[in-house]
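Novice: Take a look at the following structure, please.
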Amino acid sequence: MICKAVEMILNSTYHNKEEKQILTDLVGKPFSFLESIKMKGVGSKRMIIEEVSPNLYTYLNTTSDLNYANIELRTDGILIYINKGLQNFTWAIPYYQLVIYKTSGTSIHGQGKYIHFKNNKTFKENKSFFSKLWDKKIKYDEQYNFYKT
């Protein structure tokens, strides 16, 4: 499989060590089992994708099926898992490239791409997950805050 590290979206239908190392280099190691228990989970429930940027269309179902994704927290970023039929794609976004907008639902931006999640029951069930995501992003950004008052 050929993958562009610059693109940061990998076809993760089948796991291999090389891709696992690429993801670790980009967004850090996964949290340990004990850390994930202390955090009360590091993954979101699946959410319905309402809209994506044009450069992400190829990773979605082209039929009228619903498109789903879920998010995993990592030490230095997030992984967004997108399901397309029998294929899985993983979009790695380091915290320094991550921008989150709270609109009707939530929109996650990074690397010139975005994904907007529908504001429905499954999205609302992820409220505590998004609180954890905000906390991790803020803690990461505070490391590089040179203008402390």
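Novice: Take the stretch 17-48 and flag every residue that is of a type in the set (Lys, Arg), in a helix (DSSP H, G or I) and under 23 Å from Lys84 (Cα atoms).
Specialist: If the condition is that a residue be of a type in the set (Lys, Arg), in a helix (DSSP H, G or I) and under 23 Å from Lys84 (Cα atoms), then Lys17, Lys20 are the ones that fit.
Novice: Is at least one residue of the stretch 34-53 hydroxyl-bearing (Ser, Thr, Tyr), modelled with pLDDT of 90 or more and open to solvent by 40 Å² or more (accessible area, probe 1.4 Å)?
Specialist: For the stretch 34-53, residues hydroxyl-bearing (Ser, Thr, Tyr), modelled with pLDDT of 90 or more and open to solvent by 40 Å² or more (accessible area, probe 1.4 Å): absent.
Novice: Can we say Asn88 is buried (at least 16 other Cβ atoms within 10 Å of the Cβ), in contact with a strand residue (DSSP E or B) (Cβ under 7 Å, 6 or more places away or on another chain) and part of a loop (DSSP other than H, G, I, E, B)?
Specialist: no
Novice: For Tyr96, which of the numbered conditions (1) aromatic (Phe, Trp, Tyr); (2) open to solvent by less than 60 Å² (accessible area, probe 1.4 Å); (3) assigned to a helix (DSSP H, G or I) fails to hold?
Specialist: (2)
Novice: Next question. Looking at the stretch 104-149 only, could you name the residues that are closer than 22 Å to Leu60 by Cα, open to solvent by 20 Å² or more (accessible area, probe 1.4 Å) and either at pLDDT below 90 or assigned to a loop (DSSP other than H, G, I, E, B) (or both)?
Specialist: Result: Ser104, Gln111, Gly112, Lys118, Asn119, Asn120, Lys121, Thr122.
Novice: Condition (residue is in contact with an Asp or Glu (Cβ under 8 Å, 6 or more places away or on another chain) and surrounded by fewer than 19 Cβ atoms within 10 Å (Cβ to Cβ)) applied to the stretch 63-70: is it met by at least one residue?
Specialist: No: the stretch 63-70 contains no residue that is in contact with an Asp or Glu (Cβ under 8 Å, 6 or more places away or on another chain) and surrounded by fewer than 19 Cβ atoms within 10 Å (Cβ to Cβ).
Novice: Taking the stated definitions as given, is Asn83 more than 23 Å from Tyr14 (Cα to Cα) and surrounded by 13 or more Cβ atoms within 10 Å (Cβ to Cβ)?
Specialist: When the stated conditions are applied, Asn83 does not pass them.
Novice: Among Ile48, Ile138, Ile78, which is over 19 Å from Thr13 (Cα atoms) and in contact (Cβ under 8 Å) with a residue 12 or more places away in the chain?
Specialist: From the options Ile48, Ile138, Ile78, the qualifying one is Ile48.
Novice: Shifting gears a bit: On the basis of being open to solvent by 60 Å² or more (accessible area, probe 1.4 Å), of a type in the set (Ser, Thr, Tyr), in a strand (DSSP E or B) and out of contact with any helix residue (DSSP H, G or I) (no Cβ under 9 Å at 6 or more places or on another chain), does Tyr101 make the cut?
Specialist: yes
The values are calculated or read from the model by the stated rules, or taken from the named source; none is laboratory data. Treat the numbers as computed from the prediction; the structure is a model and nothing was measured. So basically every Cβ, Gly included, is an ideal-geometry build from the backbone, and we count neighbours across all protein chains shown. For accessibility, only protein heavy atoms count, side chains too; no ligands or nucleic acids. Shrake-Rupley method; radii C 1.70, N 1.55, O 1.52, S 1.80 Å.
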